[in-house]
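Note sheet for the following structure.
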Amino acid sequence: MEGPFKYIREGNGTVTRVIRMGTRKSQLARIQTDSVAEKLKELYPDLQLEIVAMSTIGDKILDTALSKIGEKSLFTKELENALERNEVDLVVHSLKDLPTSLPPGFTIGAVLQRENPHDAVVLHPKNAGLSLDSLPEKSVIGTSSLRRAAQLKKRFPQLVFENIRGNLNTRLKKLDEKEDFAAIILAAAGLKRMGWESRIGQVLGPEDCMYAVGQGALAIEVRARDRDILEMVSVLHDPDTVLRCIAERAFLKQLEGGCSVPVAVHTEVKNSVLYLTGAVYSLDGTDCLKDTMQTNIDLHDLVHDGAGERAHVGVTVHSLPLLALDAAEKLGTDLANLLLSKGAQDILTTARQLNDAR
């Protein structure tokens with residue numbers, strides 16, 4: 001194996017390689033990384049794991065909207081630098097933080113079973129029991145996401161949407177201790193992983209707010225050349241989640257979307273059919289292009305048909321049929337092309353320009 005790996009000598013004289021897991025320092029990132037470490041320990045009881053936590057650009061710049069910073073890899077760059085320097089052997093991310101094009105030499109070796117991908121409304125304690133529909137007119141709702149704001153402005157024109165930044169703990173504190181916000185919108189998955197499910201006042205279905213690409217799924221990024229690490233983490237792939245997220249990532253990649261444009265998706269797998277709904281929005285939500293497409297994905301097809309020889313939008317999968325992976329990626333690309341043919345590029349360009357001008 002290449003690279004300066006870390007080894008420890010056990011009491012009985014045996015030498016064991018230590019697998020170093022990189023993560024962000026936030027409480028949620030640590031919880032997510034610990035959960036992956038637990039799964040790996042269950043599968044490989046002799047594995048020695050060490051968790052290396054670090055701060056990223058996105059963690060440090062807290063007074064600016066994410067969409068204004070203009071950096072594609074806000075929460076991943078420092079972690080990838082550590083991976084490149086062999087300071088860590090794998091990195092655990094929220095998949096939605098990972099750009100659709102990874103730096104050369106890196107790949108996503110596992111996409112774990114998805115938690116609820118929808119967004120949730122967390123109400124100020126004085127508004128307990130209410131919903132976005134029943135909050136008083138002109139109530140201020142906090143969200144750091146252009147995607148959420150665009151959809152919710154259109155759906156709830158009587159409410160006011162304002163930017164709120166910070167990690168989950170900070171945002172909840174801002175909500176509870178001040179009177180600035182009537183409610184804030186957060187990912188249901190993060191609240192659940194933090195053990196704060198009781199704070200969810202309302203889960204937003206796709207008719208109110210479709211979710212971000214990859215939302216609710218955890219990803220493990222590795223060096224593509226480390227075949228043993230790739231093989232070790234690949235058992236954590238969840239087939240349905242992998243196919244859904246490949247379709248979503250292909251959709252976003254073809255649109256060239258990112259943090260600075262409102263793009264939303266909704267996917268499901270039913271009876272070997274993968275359904276993808278995708279949409280692009282103007283910043284105020286008045287312009288919207290949305291459509292749904294589907295494709296057959298037969299997981300009982302020949303598995304060893306060259307799968308895993310190449311990555312699908314940054315994801316390497318050995319355990320699923322190549323035909324299914326190709327079909328998922330093509331679905332995302334085709335849906336994006338359909339929306340582009342209807343004028344999505346104009347909506348996205350205007351959204352970018354308006355966002356840059358703010």
Volume of the Cα convex hull of the chain, divided per residue and given in Å³: 143 Å³
Note, ³J(HN,Hα) from phi for region 81-97, Karplus 6.51, -1.76, 1.60, rounded to Hz, x at Gly and Pro: 4, 5, 5, 5, 7, 6, 7, 9, 9, 7, 10, 9, 10, 6, 4, 5, 7
Pair Q27, W196: separation of 7 Å Cα→Cβ label points (nm): 0.7 nm
K270 paired with S134, simple spin-label distance in nm, labels 7 Å along Cα-to-beta-carbon: 2.9 nm
Accessible area per residue, Å², the chain with all protein chains present, probe 1.4 Å: 44 Å²
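What value, in deg cm²/dmol to 500, does the helix sum -39500 (n - 2.57) over DSSP H runs of n ≥ 4 give at 222 nm once divided by the residues of the chain?
Working: 11 runs with 118 residues, N = 358.
My calculation for the chain gives -10000 deg cm²/dmol from helical runs alone.
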Protein accessible area in the chain, 1.4 Å probe - carbon and sulfur %: 49 percent
Heavy atoms of R244: accessible area, 1.4 Å probe, square angstrom to 10: 40 Å²
Sequence of E42, E197 when ordered by accessible area, the most exposed leading, probe 1.4 angstrom: E42, E197
Karplus-derived 3J(HN,Hα), 6.51/-1.76/1.60, for each residue of region 187-201, Hz, glycine and proline x: 6, 4, 4, x, 4, 5, 5, 7, x, 10, 4, 5, 7, 6, x
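Could you sort S198, S234 by accessible area so the largest value comes first, with the probe set to 1.4 Å? Display every interim value, and only then the final one.
On the way: S198 115, S234 25 Å².
Correct descending sequence by accessible area is S198, S234.
Lys and Arg at +1, Asp and Glu at -1: add these up for the other residues within a Cβ distance under 12 Å of F181 and post the number.
Details: positive: K126, R171, K173, K174, K178; negative: E162, D176, E177, E179, D180.
Local charge sum for F181: 0.
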Computed FRET value (nearest 0.05) for A357 with K173, which takes r as the C-beta separation and R₀ as 35 Å: 0.65
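The values are calculated or read from the model by the stated rules, or taken from the named source; none is laboratory data. Everything numeric in this text was worked out from a predicted model, so none of it was measured. Positions of Cβ are backbone-derived with ideal geometry, glycine not excepted, and every protein chain shown enters the neighbour counts. Quick note on the areas: whole protein, heavy atoms, side chains included, nothing else; ligands and nucleic acids left out. Shrake-Rupley method; radii C 1.70, N 1.55, O 1.52, S 1.80 Å.
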